[in-house]
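What follows is a set of notes on a single structure, which appears directly below.
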Amino acid sequence: MSAPHNPWVTLSTREVYDNPWIRVREDQVLNPKGGRGIYGVVSFKNIAIGIIPIDADGHTWLVGQYRYSLNEYSWEIPMGGGKIGVPILESAQRELKEETGFTAGRWTNIMKIHTSNSVTDEAGYVLLAEELTAGETEMEETEELALRKLPLREAYEMVMRGEITDGISVAGLLKAWLLRGRA
């Protein structure tokens, strides 16, 4: 099967913002119907990595934190950024340890997700972490996190009630429930 034709034409590109985490560019384009326009793209400098730790009893852990960009508190799966070029598993192991203190004996990459593909090229991955061993957290200075242990079923129900709204957490928990919770 051949690759689909790209109907967009990029006439020019300029960087409009850059910081250690994101870069924003504005493209002058011809849209699929031939009209002129602009397209803004946010490029993230890390890969989003989400982890769903699951213990032998079917419990998982959520991370609660105040999200500055939303101006509200959010319950999420443990997650963070992985440097581009670093293996996803290595970044996931680091994030799990930082935020929960756990190390895991078994890892399964369950999904790749594009977080908002109309405005960003960000890719995210969600991994299951099983065969857990407890340890000490190693949180970063920007993190003030609460940990909550709960049955995977309850995390799934929080998604269904709209209590978990982070996109990677929602997608990951729904897939984890289909893969592990209903078994």
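The values are calculated or read from the model by the stated rules, or taken from the named source; none is laboratory data. Everything numeric in this text was worked out from a predicted model, so none of it was measured. Note that we place each Cβ from the backbone using ideal geometry, even for glycine, and neighbour counts take in every protein chain shown.
This table checks each residue for (1) touching a helix residue (DSSP H, G or I) at 6+ places or on another chain (Cβ under 9 Å); (2) of a type in the set (S, T, N, Q); (3) at pLDDT 95 or above; (4) under 30 Å from HIS5 (Cβ atoms).
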{"residue": "ALA48", "(1), (2), (3), (4)": "yes, no, yes, yes"}
{"residue": "ILE52", "(1), (2), (3), (4)": "yes, no, yes, no"}
{"residue": "LEU70", "(1), (2), (3), (4)": "no, no, no, no"}
{"residue": "GLY85", "(1), (2), (3), (4)": "no, no, no, no"}
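Could you check ALA56 against (1) under 30 Å from LYS149 (Cβ atoms); (2) in contact with a Phe, Trp or Tyr (Cβ under 8 Å, 6 or more places away or on another chain); (3) part of a loop (DSSP other than H, G, I, E, B) and say which number it fails?
For ALA56, the exception is condition (2).
Only one residue in TYR125, TYR73, TYR39, TYR66 is within 19 Å of ASP166 (Cβ to Cβ) and without any contact (Cβ under 8 Å) to a residue 40 or more places away in the chain. Which one? Write out each step before concluding.
On the way: TYR125 fails: without any contact (Cβ under 8 Å) to a residue 40 or more places away in the chain; TYR39 fails: within 19 Å of ASP166 (Cβ to Cβ); TYR66 fails: without any contact (Cβ under 8 Å) to a residue 40 or more places away in the chain.
It is TYR73.
All but one of (1) touching a Gly at 6+ places or on another chain (Cβ under 9 Å); (2) farther than 30 Å from GLY82 by Cα hold for ALA48, so report the exception by its number.
Result: ALA48 fails condition (2) only.
Whether any residue in the range 131-150 is among the charged types (D, E, K, R) and surrounded by 15 or more Cβ atoms within 10 Å (Cβ to Cβ) is what I want to check.
To start, the set of residues in the range 131-150 that are among the charged types (D, E, K, R) comprises 131, 136, 138, 140-141, 143-144, 148-149.
Still in the list and also surrounded by 15 or more Cβ atoms within 10 Å (Cβ to Cβ): none.
Within the range 131-150, none of the residues are among the charged types (D, E, K, R) and surrounded by 15 or more Cβ atoms within 10 Å (Cβ to Cβ).
For the range 163-174, which residues satisfy the criterion of being part of a helix (DSSP H, G or I), crowded, with 17+ Cβ neighbours inside 10 Å and touching a residue at least 40 places away in the same chain (Cβ under 8 Å)?
If the condition is that a residue be part of a helix (DSSP H, G or I), crowded, with 17+ Cβ neighbours inside 10 Å and touching a residue at least 40 places away in the same chain (Cβ under 8 Å), then ILE168, SER169, ALA171, GLY172, LEU173 are the ones that fit.
Within the range 95-114, can one find any residue that is outside the structural domain of ILE22 (by TED's automatic domain parsing), without any contact (Cβ under 8 Å) to a residue 12 or more places away in the chain and either out of contact with any strand residue (DSSP E or B) (no Cβ under 9 Å at 6 or more places or on another chain) or not in a loop (DSSP other than H, G, I, E, B) (or both)?
From the range 95-114, those outside the structural domain of ILE22 (by TED's automatic domain parsing) are 95-114; that's our starting set.
Remaining after also requiring without any contact (Cβ under 8 Å) to a residue 12 or more places away in the chain: 114.
Cutting the leftovers down to either out of contact with any strand residue (DSSP E or B) (no Cβ under 9 Å at 6 or more places or on another chain) or not in a loop (DSSP other than H, G, I, E, B) (or both) gives us 114.
Yes, the range 95-114 contains a residue that is outside the structural domain of ILE22 (by TED's automatic domain parsing), without any contact (Cβ under 8 Å) to a residue 12 or more places away in the chain and either out of contact with any strand residue (DSSP E or B) (no Cβ under 9 Å at 6 or more places or on another chain) or not in a loop (DSSP other than H, G, I, E, B) (or both).
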